[in-house]
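Working notes for the structure below.
The values are calculated or read from the model by the stated rules, or taken from the named source; none is laboratory data. All values reported here derive from a predicted model rather than from experimental measurement. Ideal geometry is used to build each Cβ from the backbone, glycine not excepted, and the neighbour counts take in all protein chains shown. Ligands, DNA and RNA are stripped out before the accessible areas are found, and what is left, the full protein with its side chains, is counted by its heavy atoms. Shrake-Rupley method; radii C 1.70, N 1.55, O 1.52, S 1.80 Å.
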Amino acid sequence: MAEFVRSDPSMWEAVYADPSVPLDRALVRLIIDDQRRLSRRWLYPIARVVSRVLVALISIVKRVLPFRWMPLHTMDVLCVWFLRRFVSPDAVELLIRHFVVETNLVNFIIRNTPVAMEPVTLRPEALAGLGDHAVVEHDVNVYDVLIALDAVQLTRPETLDFTQLDIPPLDAERGRRRLLRLDIQTALCFMNIPFSMALTVEEYRRAVHSIRFDDSFLEILALVTDDDTFRHWKLAGMSLWMDSNVDVPRMVYRHALVCEYAHAQLVKLAGGAYPRETSAEFD
């Protein structure tokens, strides 16, 4: 066997080839392309600091002036407009996809536990679907299912119900002319500003804290499926740790990846298999 020699390995090629990543190869390529955008390298470090400072100042002032500074409808319109004009279609697709993936996870838990709760319906297929309070509904669904699980014994049912693990075709409005094509992390930094303005202090704390339930959901999925794989992606983020003074865009991005990993594992357990391309070229 010939000796493998590589003097200048590509980080991106290694990330793409990593056999431990359970995601569809097309999705991995989409994520990598988004990470390689110039805005991610040059603008994100600045946007991250600016966003955190502004949100902290807004939070302080809102404690003195505790009223809603911006209607939720205005926040929805502003964010959808921003996504249409300043964010890359790849990033928009990843964002829409996250809403569908998290709904699929929530509904899997509902269908496989004796909770008194109907499956949730938040599965947007187009950019416009991110309006109409979708962001708030997305967080509320997490709280509703956790509250419904109170006193419910979590064990694997005799037969697992893998209904609705599909991802429908998503319309990121790729044909629309954009002034900028920001990556998803930079976009989240900017979108967090109107989000903090539109929500009350308690609503914003609730939204931020919803991300701390990632470990809870992974544990629930591990118990319901009797599969320890879900526990591998825990961050030891205890839900009893009450702290909203965090890097929200960074946490949201990791949250989206955790959801994708968990969703991919459910697809695998359902008998599905994501195709793996044999190679990919990265310049």
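Rolling a 1.4 Å probe over the protein chains gives Thr159 an accessible area of about 110 Å². Descending by average beta-carbon neighbour count within 10 Å, the peptides 123-131, 241-249 line up as 123-131, 241-249, the highest first.
The 1.4 Å probe gives accessible areas that order Asp132, Asp166, largest first, as Asp132, Asp166.
Beyond 17 Å, what percent of the Cα pairs of the range 61-110 remain?
59 percent
Measure out, as a whole number of angstrom, how far apart the alpha-carbon centroids of the range 70-98 and the range 200-223 sit. That distance is 22 Å. Note on the chain: with charges restricted to the Cβ of Lys and Arg (+1) and Asp and Glu (-1), its dipole about the Cα centre is near 1220 debye.
Averaged over its residues, the chain has an accessible area of 53 Å² per residue, based on protein heavy atoms and a 1.4 Å probe. With an a/c value of 1.5 or above and a/b larger than b/c for the gyration tensor axes a ≥ b ≥ c computed over the alpha-carbon atoms, the range 40-160 is described as prolate. Of the whole protein surface, His232 contributes about 140 Å² of accessible area at a 1.4 Å probe radius.
Taking a ≥ b ≥ c as the square roots of the eigenvalues of the Cα gyration tensor of the range 149-212, is the shape rounded (a/c under 1.5), prolate (a/b larger than b/c) or oblate? Oblate is the answer for the range 149-212, as a/c is 1.5 or above yet b/c matches or exceeds a/b. In the chain, helical runs assigned H by DSSP with n ≥ 4 each contribute -39500 (n - 2.57); averaged across all residues and rounded to the nearest 500, the mean residue ellipticity at 222 nm is -17500 deg cm²/dmol. Amide H to amide H distances under 5 Å link Asp171 with Ala126, Leu127, where only residues 5 or more positions off or on other chains count and H is placed in the peptide plane.
For the range 196-206, the Karplus equation 6.51 cos²θ - 1.76 cosθ + 1.60, evaluated at θ = phi - 60°, returns couplings of 5, 6, 7, 8, 5, 4, 5, 5, 5, 4, 5 Hz by residue, with Gly and Pro reported as x.
Ligands, DNA and RNA excluded, the heavy atoms of Thr121 present near 120 Å² of accessible surface to a 1.4 Å solvent probe. When you count the other C-beta atoms within 10 angstrom of each residue and take the mean per peptide, 186-194, 70-78 line up highest first as 186-194, 70-78. Scaling against 2.2 N^0.38 Å puts the C-alpha radius of gyration of the chain at 1.05. Per residue, the convex hull spanned by the alpha carbons of the range 130-283 comes to 185 Å³.
Computed extension gain for Arg205 through Leu154, at 0.36 nm per residue and net of the alpha carbon distance, reaches 15.6 nm.
Placing Tyr44, Tyr143 in order of accessible area, with the largest value first and a 1.4 Å probe, yields Tyr143, Tyr44. Put simply, the amide H of Phe162, placed in the peptide plane, has no neighbours under 5 Å, leaving out anything fewer than 5 places away on its chain. Using a simple spin-label model with pseudo-atoms 7 Å out from Cα toward Cβ, Val77 and Glu118 lie 3.0 nm apart.
The share of accessible area on the chain that comes from carbon and sulfur is 59 percent, using a 1.4 angstrom probe. Per-residue 3J(HN,Hα) values for the range 179-191, derived from phi via the Karplus relation 6.51 cos²θ - 1.76 cosθ + 1.60 with θ = phi - 60°, read 6, 9, 10, 6, 6, 5, 5, 5, 4, 5, 4, 6, 6 Hz in sequence order (x marks Gly and Pro).
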